[in-house]
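Participant: Take this structure first; my questions come after.
The values are calculated or read from the model by the stated rules, or taken from the named source; none is laboratory data. Owing to the predicted nature of the structure, the values given are computational and were not obtained by experimental measurement. Don't worry about glycine lacking a Cβ; one is built from the backbone with ideal geometry, like all the others, and counts go over all protein chains shown. Just so you know, the surface numbers come from the protein's heavy atoms only, side chains and all, with ligands and any DNA or RNA stripped out. Shrake-Rupley method; radii C 1.70, N 1.55, O 1.52, S 1.80 Å.
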Amino acid sequence: MDRTFDTKRTETFSDAIMAVAITLMVLRIAPPVASPGTTLAGAFWSDTVPEIIFFLITFGVIVLFWMNHHDLFASLPQRMSMHAFWMNAGFLAAICLVPFGLEFFTAEAEVSYLTVGVYAGLMCMATLFLAALGRSITHRWRPEALAGVVIFLLAVPLAPLLGSWCLFVWWLDVPAERIIRARRARTAGGAGS
């Protein structure tokens, strides 16, 4: 008999990991410090506001991950397979690394392929593990989950053009998932008639 894991405990542990990752991201935002020749307000707008914006973007992405994760766990029985457990562990490992990715991205004075690539790579890793978890639970791939990988990677070539604002491309994931779901529903509806 294959080993299985309690779904409720795994979900609770997963929620805690995501909460800690979000907390670590917000703790790294430092209050503004006025240097000679600048005001506190100037330091706030030039240093702190961008940090808050990037935190909010990443917070939103993690919340979307959490919502998809929650939906997957709602369809699970009381026990989950070893495969599903390890896909969830991989997903959580990627989420744990997101604060590092955010720090690496914002620590550099200039946005580069490397800083965006590392950050987007972590988001892709989380997306792929979450998609594999979904596959393990539902026994089918969800194309809308894999669309996120393409959208996260889209930020990398846009980095030199858009600078740090290339992360706003990530919000294209929301309409992309809706479009793919609607098409899939239309196709499934048409197949039944």
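Participant: If you scan region 112-136, which residues turn out to be over 17 Å from Pro157 (Cβ atoms) and either open to solvent by 30 Å² or more (accessible area, probe 1.4 Å) or at pLDDT below 85 (or both)?
Facilitator: Answer for region 112-136, where residues must be over 17 Å from Pro157 (Cβ atoms) and either open to solvent by 30 Å² or more (accessible area, probe 1.4 Å) or at pLDDT below 85 (or both): Met125, Leu128, Phe129, Arg135.
Participant: What is the residue count in region 141-175 for residues that are over 18 Å from Asp71 (Cα atoms), within 16 Å of the chain's Cα centre (by Cα) and surrounded by 14 or more Cβ atoms within 10 Å (Cβ to Cβ)?
Facilitator: Residues flagged as over 18 Å from Asp71 (Cα atoms), within 16 Å of the chain's Cα centre (by Cα) and surrounded by 14 or more Cβ atoms within 10 Å (Cβ to Cβ) within region 141-175 amount to 13.
Participant: Sticking with this one: Of the residues that make up region 29-39, is at least one open to solvent by 80 Å² or more (accessible area, probe 1.4 Å) and assigned to a helix (DSSP H, G or I)?
Facilitator: There is no residue in region 29-39 that is open to solvent by 80 Å² or more (accessible area, probe 1.4 Å) and assigned to a helix (DSSP H, G or I).
Participant: Give the residue that is modelled with the lowest pLDDT, with candidates limited to residues of region 74-111 that are among the aliphatic types (A, V, I, L, M) and open to solvent by 40 Å² or more (accessible area, probe 1.4 Å).
Facilitator: Selected residue: Ala109.
Participant: Listed residues Asp71, Asp47; which is of a type in the set (D, E, K, R), open to solvent by 30 Å² or more (accessible area, probe 1.4 Å) and closer than 28 Å to Thr10 by Cβ?
Facilitator: Asp71
Participant: While we're looking at this one, here's another question. Name the pairs whose Cβ atoms lie under 9 Å apart, with the first residue in region 110-133 and over 17 Å from His69 (Cα atoms), the second of a type in the set (Gly, Ala, Ser) and open to solvent by 10 Å² or more (accessible area, probe 1.4 Å), and 6 or more positions between them or separate chains?
Facilitator: Taking only residues 6 or more apart or on different chains, the pairs are Glu110/Gly163; Val111/Gly163; Val111/Ser164; Thr115/Ala107; Thr115/Ser164; Val116/Ser164.
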